[in-house]
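First the structure, in the form of structure tokens, and then the observations on it.
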Amino acid sequence: MDFSKDPADEKFRAEVRAFLQAYLPEDIARRGQRDYHANRPDVQRWMHILDAKGWAAPHWPVEYGGTGWTPMQQFIWQEELRLAGAPVPDRGALDLVGPVIYTFGDQTQKDWFLPRIRSGEIWWCQGFSEPGSGSDLASLRTRADRDGDDYVVNGQKIWTSEAQWADWIFMLVRTNQDVKPQAGISFLLVDMKSSGITRRPIWSIDEGLTLNETFFDNVRVPAANLVGDEGAGWTYAKFLLGNERSFSAEVPHSKRDLVQLKALAAKAIRNGRSLAEDPVFAAKLARFEIDLMALEWAVLRVLHTPHGDTRSDSVAGVLKLRGAELRQRVAELGAEALGDRAIAVAPDPEGLHNLRDDGLIAPLEDDEWGITHKAIFRRATTIYGGTNEIQRQIIAKGVLGL
Amino acid sequence: MDFSLTSEQAALADSVARFVERDYGFEARHKLVASANGYSDAHWATFAELGWLGAGLAEDQGGFGGGAIETALIAEQLGKGLVVEPFASTIMALQTLAAMDDFEGRAALIESVVVGETKLVLAHPGAGALGDLSAVSCVAQTHEDGYRLDGSIALVPGGPRADRFLISARAGDATGLFLVEGDTTGLTRRDYRTLDNGRASDLHLDGVSATRLGETDAMTAIMAGIDHGLITLCAEAVGAMEAALWMTRDYVKTRQQFGRTISEFQGVQFRMADMLVECELARSMLYQGLAAMGTPEQSRRIAAAKAMISEAGLFVGRQAIQLHGGIGMTEECAIGHYYKRLFVIAHLFGAPDVQVGRFAALA
């Protein structure tokens, strides 16, 4: 073991920090710091800038536009992005469908989709869950029946996040009814402009819009949009979910939240002194920071251990589980630091999709926007991307062999 | 000790439960909160007509002979229905008045609130005071035959629809309680929605003409009013928690995943059991608080109730969403609204840590 830092990494950090200072537009950073739901115009502008620099998809293989950075450098990049307030990109594109396309897609698919993902030109949503198939994803029923050179898709997807922005949807569809559930699933790329697709917004309890329901009624999809082999969709989905495991801890995001929380606590007053000096709150804040350190070192272990190493698989299971909990905790501490003001509805003041436009919004300071939104919306972090119950099940079965 | 309800108490709770069932379905509530006023004047008239506003006041105080227990029985049912009319704020105002030394016009003022003629709320910075419930943020100056008030008070629940405000203000060395008409010159309101779709206001007072109520220091009465408000909120929380618990129980018994209802998974059963544990302990704590009303330990034990019930409510609300999965995150499902109501109650008039601190300090 050798825990000494690579001096090159700190040099790298300085380089990316300087880049962000120079190139991240101020208005995008302001909205990014507030951390409401994705805002496509912001992400698109930002991806354009990153793409010009060649940094749009650092974690991709170099031949597909990646940077060749070490895992540690990618982690540093994420930390600096979040600290600077860069918008969270279209994760479905960069972390999920992009890797599936460059790993399993054909040359035509790679040539057409990958540059457009890097430039932010096309936005993706994910069509996995269905009303009856959430945790039990393999039971999905949306079907794609082959008809000549097309598939005809019928069914319904739910939790198609950011579908309101999406140009394309990557989806799991049932192409074979006669085999065991997992074997009958295929991975299909569908143009959201196709005839027969309708979308229904689902407002979430923070009064924002990210969730949607998407319906497919005899949607014709060229068979050329099938990724890889028919019936291999389940394998690709597992690959895709495993691929993002080291990022699912969201440590860079939580570290930024901690910086914001400390600033809020220094400003807020409780019982005549700053909340940061309130021993009870200070202890909770410190305890959060300690738990985040543990998670960060778990991430570092995974980043520095090759895939397939048993111990690495064991610790990887921890990441999403604890990461999601910490994201909730830091958001709730933020609400506490906001004091009683945390009870006011605080939708995105620059939001393009807010549930109500009644003007009945409390006056907040610049640095107070987004806090309540996070405290409420992050109840979802332990639900999406595999609930914490499913994560525990994976650890119990896959690691502990129970 | 007797934990059973008298027939009058049972009838009272039943009348509120019937109102909630009949008039406060999820769709009906949705329409109400999206309306301009954010609540129903007709409902408020019903509250008055059925005697709910005065149920917790003794007869010689202008009420119907009950106490905090009666108020809590009502509030519990209102909590189950996520009722948005500002019941607790009104109770806080009424109980503050009732705790004052008698002054001319007190009986008439209480009566006009109890019969629903006047909407009166307490405007005291307790809700926005970051832990110090006795902080006062307005100043009163004598002016000709009355007073003028200056200052700001943040977060007055029920403020947007109030006809009149009871406002705390520094008057010389004492804290005075002042009556201010809602439309008085110099009083500006900034109205907004709270997460639970209630409404609140920030008040700004600039030389507002006011009538002082009573001559003596009003802080003791205000704190008594707040105690009543806190225990009312606790009762609402207990009602909301139990509704969320059983709603979730019903959901997990119907939701199918992996070829069975998710209620068959032991992990889900254990979680539901933990939720029930919190509900039962919260209810016990509510009764503990109600038992302390009128005793020298009132404030300390109410602080304990508010701290514990808030945490329990947050736990139950979080788990209720978790067990619902994605649907629990949506505006169109009731369960998220229970969480938001419990979140608001937990943060209102002192978050759990603040109440724990009060409990320790009052020992």
Query raised in the report: Filtering region A:125-156 down to residues that are touching a Pro at 6+ places or on another chain (Cβ under 9 Å) and crowded, with 22+ Cβ neighbours inside 10 Å, which residue is nearest to the other protein chains (Cβ to nearest Cβ)?
Result: A:LEU140
Query - Residues (assigned to a helix (DSSP H, G or I), modelled with pLDDT of 95 or more and closer than 30 Å to A:ILE269 by Cβ) located in region B:98-131 - result: B:ALA99
Query raised in the report: Just a yes or no: is a residue in region B:138-152 surrounded by fewer than 24 Cβ atoms within 10 Å (Cβ to Cβ), at pLDDT 95 or above and within 20 Å of the chain's Cα centre (by Cα)?
Result: no
Report summary line: Restricted to region A:233-253 and to residues being under 26 Å from A:TRP297 (Cα atoms) and over 13 Å from the mean Cα position of the chain (by Cα), the residue nearest to the other protein chains (Cβ to nearest Cβ) is A:LYS238
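Pick from B:SER168, B:SER112: which is more than 14 Å from chain A (Cβ to nearest Cβ) and over 30 Å from A:ASP278 (Cα atoms)? Working first, answer last.
Working: B:SER168 fails: over 30 Å from A:ASP278 (Cα atoms).
B:SER112 is the lone residue from the list that is more than 14 Å from chain A (Cβ to nearest Cβ) and over 30 Å from A:ASP278 (Cα atoms).
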Query raised in the report: Are any residues in region B:233-262 within 13 Å of chain A (Cβ to nearest Cβ) and closer than 23 Å to A:ARG392 by Cα, and if so, which ones?
Result: B:TYR251, B:VAL252, B:THR254, B:ARG255, B:GLN256, B:GLN257, B:PHE258, B:GLY259, B:ARG260, B:THR261, B:ILE262
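Looking only at region B:1-48, which residues are in a helix (DSSP H, G or I) and among the charged types (D, E, K, R)?
Residues satisfying the conditions are B:GLU8, B:ASP14, B:ARG18, B:GLU21, B:ARG22, B:ASP23, B:GLU27, B:ARG29, B:LYS31, B:ASP41.
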Report summary line: Just one listed residue, out of B:PHE3, B:PHE19, B:PHE87, B:PHE47, is touching a helix residue (DSSP H, G or I) at 6+ places or on another chain (Cβ under 8 Å) and exposed (fewer than 13 other Cβ atoms within 10 Å of the Cβ), and it is B:PHE3
Report summary line: By my count, helices (runs of 4 or more DSSP H) wholly in region A:294-402 with at least 1 residues that are within 8 Å of chain B (Cβ to nearest Cβ) and crowded, with 23+ Cβ neighbours inside 10 Å are A:310-338, A:371-377
Requested in this report: Run A:SER4 past the list (1) modelled with pLDDT under 95; (2) buried (at least 21 other Cβ atoms within 10 Å of the Cβ) and report the number of the one that doesn't hold.
Outcome: (2)
Query raised in the report: Do you know which of the residues in region A:107-124 that are within 24 Å of A:LYS238 (Cα to Cα) and either touching a residue at least 60 places away in the same chain (Cβ under 8 Å) or among the β-branched types (Val, Ile, Thr) (or both) is farthest from the other protein chains (Cβ to nearest Cβ)?
Result: A:THR108
Report task. Hey, can you tell me all the residues within region A:330-355 that are more than 20 Å from the chain's Cα centre (by Cα) and among the hydrophobic types (A, V, I, L, M, F, W, C)? Result -> A:LEU333, A:ALA335, A:ALA337, A:LEU338, A:ALA342, A:ILE343, A:ALA344, A:VAL345, A:ALA346, A:LEU355
Report task. Residue by residue through region A:268-293, note down the ones that are exposed (fewer than 15 other Cβ atoms within 10 Å of the Cβ), within 14 Å of chain B (Cβ to nearest Cβ) and assigned to a helix (DSSP H, G or I). Result -> A:GLU277, A:PRO279, A:ALA282, A:ALA283, A:ARG287
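The values are calculated or read from the model by the stated rules, or taken from the named source; none is laboratory data. Small disclaimer: the values here were computed from a predicted structure and weren't measured. Using ideal geometry, Cβ is built from the backbone for each residue, glycine included, and neighbour counts are taken over all protein chains shown.
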